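For reference, the structure discussed in these notes is given below.
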Amino acid sequence: MTYDQQILSILTSVGDKGISVMQVSKHVYNMNLSFFYTPDLNEIRAYVQQYLLKNSKSPQSLIESTGRRGYYRLNTQNNPDARQLMLEFGSSL
């Protein structure tokens, strides 16, 4: 599973309340941590931050800011793809 898929999975599981960039980063870090490989948390945080900013620019984006600084959620109001993700990931959890 790529970082992008992991981020979307995490955003799907938190729902409408949203989650902070650092919390998403820690989740992604823990999902990729293994006995033989330790990813760099700062690199993951930078990637997550860039991904969330890039994918939350317009009102029709897949991800939206919650209005609280640094918190994001899936844009289920204006994006049909986000609603579909909620159905797909929600049923697989």
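The values are calculated or read from the model by the stated rules, or taken from the named source; none is laboratory data. None of these values were measured; they are calculated from a predicted model. Backbone-built Cβ (ideal geometry, glycine too); neighbour counts: all protein chains shown.
From LEU52, LEU62, LEU85, grab the single residue that is within 15 Å of the chain's Cα centre (by Cα) and at pLDDT 90 or above.
Being within 15 Å of the chain's Cα centre (by Cα) and at pLDDT 90 or above holds for just one of LEU52, LEU62, LEU85, which is LEU52.
In the range 28-52, how many are within 23 Å of GLY67 (Cα to Cα) and exposed (fewer than 12 other Cβ atoms within 10 Å of the Cβ)?
Residues meeting the conditions: 1.
Restricting the search to the range 37-79, which residues are in contact (Cβ under 8 Å) with a residue 60 or more places away in the chain and either assigned to a loop (DSSP other than H, G, I, E, B) or out of contact with any strand residue (DSSP E or B) (no Cβ under 8 Å at 6 or more places or on another chain) (or both)?
Listed by number, the list holds a single entry, THR76.
Among the residues of the range 4-22 satisfying the criterion of being out of contact with any strand residue (DSSP E or B) (no Cβ under 8 Å at 6 or more places or on another chain) and surrounded by fewer than 16 Cβ atoms within 10 Å (Cβ to Cβ), which is farthest from ASN75 (Cα to Cα)?
MET22
Out of SER61, SER25, report the one residue that is out of contact with any Lys or Arg (no Cβ under 8 Å at 6 or more places or on another chain) and either buried (at least 18 other Cβ atoms within 10 Å of the Cβ) or not hydrophobic (A, V, I, L, M, F, W, C) (or both).
SER61
Within the set of pairs 6+ apart or on separate chains, which have a first residue in the range 1-27 that is under 15 Å from ALA82 (Cα atoms), a second that is among the hydroxyl-bearing types (Ser, Thr, Tyr) and surrounded by fewer than 16 Cβ atoms within 10 Å (Cβ to Cβ), and C-beta atoms under 7 Å apart?
Close Cβ pairs satisfying both conditions: GLY18/THR66.
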